[in-house]
Structure formats: structure tokens, C-alpha cells
Amino acid sequence: QQVGAFFATGNAMGAIYGTNQRLKDEKNKRSDCQMLTMYRMPQSVDKQFQEHWNNSASLAQRQPGYEYTKMYKTLDWGETPFDYLCLRMWSRMEDYRRAQQHPTHKELEKRIKDLGVKWEDVEYKTVIDDSVLRTIY
């Protein structure tokens, strides 16, 4: 009987813990629409590119579904497959597509293209995330 009681208690405690963990995970759900953009350009247009890109990033920040952007610049210009690497997180793919259709975005994209900049957009999904989730309650 004691074994049965211990088993039942462990089962109930596990169910409570699991339910609380699931609810916590749902509350802190993170988006998974990551757009990676790789830019290649002549080094001579670097400053102009940054200006246009910053305007484009400011526009993105005001769009529904925007979460964050991380931009990386190579330290070995011309020696890497890209000169800039941009990782932008959106809540949903629909939000990203809507932002891409914004008339101001299209104009800024044209200005960047006119500088001779080439880029490729690729969607990525998280496979492993070992980052620490910091939530302030």
C-alpha cells in the first residue's frame, strides 16, 4: 500500500509540475520567424549603405510584429561570403511580408540596390536555443 501511495503522490506531483512548466512556457512563448539577410557590396559605399539601412531598420521597428534586429559587420572585408549579416525577428511571417510591401521600405530598398549592394533573404527556424530567457516579473 505504501508503494502505491508513493507512486500516486509522485504521479500527482509530476502532473502539477509539468502543468506549471507548460503554462510558464506558453506565457513566455518566443517567436520563431527569423529572417537572415546577407549583404555584399563595394567597401566604398559602406557609409551610404549604413545610412539607408538604418532608415529601413527604423521603419521596421514601427511595423506590427517586429521584435528585434541584430546586424553584424565583417572584420575581413572581401574575405568573407558577406559584408553584413542581419538577423531580424518577426512574430509571424505575415508580419514580415506586410513590412516588405510598405512603400517606404520599397523606396529604401531601391536606394540600397542603386548603390550596387546585393543581398539574399533567408528564413530560419530555431533548432536549438541555449540562450538564457530573462523575464522580469
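Condition (residue is free of Cβ contacts under 8 Å to residues at least 60 places away in the same chain, over 23 Å from VAL127 (Cα atoms), surrounded by fewer than 15 Cβ atoms within 10 Å (Cβ to Cβ) and of a type in the set (Gly, Ala, Ser)) applied to segment 13-33: is it met by at least one residue?
Checking segment 13-33: at least one residue is free of Cβ contacts under 8 Å to residues at least 60 places away in the same chain, over 23 Å from VAL127 (Cα atoms), surrounded by fewer than 15 Cβ atoms within 10 Å (Cβ to Cβ) and of a type in the set (Gly, Ala, Ser).
Give me the residue from segment 51-70 that is among the aliphatic types (A, V, I, L, M) and within 15 Å of the chain's Cα centre (by Cα) and, out of that set, surrounded by the fewest Cβ atoms within 10 Å (Cβ to Cβ).
ALA57
Report, by residue number, each residue of segment 71-98 that is more than 14 Å from the chain's Cα centre (by Cα) and in contact (Cβ under 8 Å) with a residue 40 or more places away in the chain.
Listed by number, the residues that qualify are PRO81, PHE82, ASP83, TYR84.
So which residues in segment 37-49 are closer than 25 Å to MET93 by Cα and open to solvent by 30 Å² or more (accessible area, probe 1.4 Å), if there are any at all?
MET38, ARG40
Of all residues in segment 124-137, which are touching an Asp or Glu at 6+ places or on another chain (Cβ under 6 Å) and either surrounded by 10 or more Cβ atoms within 10 Å (Cβ to Cβ) or at pLDDT below 75 (or both)?
Listed by number, the list holds a single entry, THR126.
Can you name the number of the only condition in (1) in a helix (DSSP H, G or I); (2) open to solvent by less than 80 Å² (accessible area, probe 1.4 Å); (3) touching a helix residue (DSSP H, G or I) at 6+ places or on another chain (Cβ under 6 Å) that ARG111 fails?
Looking at each condition in turn, ARG111 falls short on (2).
What are the residues in segment 71-86 that are under 20 Å from ASN54 (Cα atoms), out of contact with any helix residue (DSSP H, G or I) (no Cβ under 8 Å at 6 or more places or on another chain) and open to solvent by 40 Å² or more (accessible area, probe 1.4 Å), if any?
TYR72, LYS73, LEU75, PHE82
How many of the residues in segment 8-52 are aromatic (Phe, Trp, Tyr) and at pLDDT below 85?
1
Which residues, counting only those in segment 44-71, are under 14 Å from GLN34 (Cβ atoms) and either in a helix (DSSP H, G or I) or not small (Gly, Ala, Ser) (or both)?
The answer is ALA60, TYR66, GLU67, TYR68, THR69, LYS70, MET71.
Suppose the filter is surrounded by 12 or more Cβ atoms within 10 Å (Cβ to Cβ) and either assigned to a strand (DSSP E or B) or in contact with a helix residue (DSSP H, G or I) (Cβ under 6 Å, 6 or more places away or on another chain) (or both); does ASP121 pass it?
So ASP121 fits the description; yes.
The values are calculated or read from the model by the stated rules, or taken from the named source; none is laboratory data. This is a predicted model, so every value here is computed, not measured. Neighbour counts are summed over all protein chains in view; Cβ atoms, including those assigned to glycine, are modelled from backbone coordinates with ideal geometry. Protein only, heavy atoms only, side chains kept; ligands, DNA and RNA dropped before computing areas. Shrake-Rupley method; radii C 1.70, N 1.55, O 1.52, S 1.80 Å.
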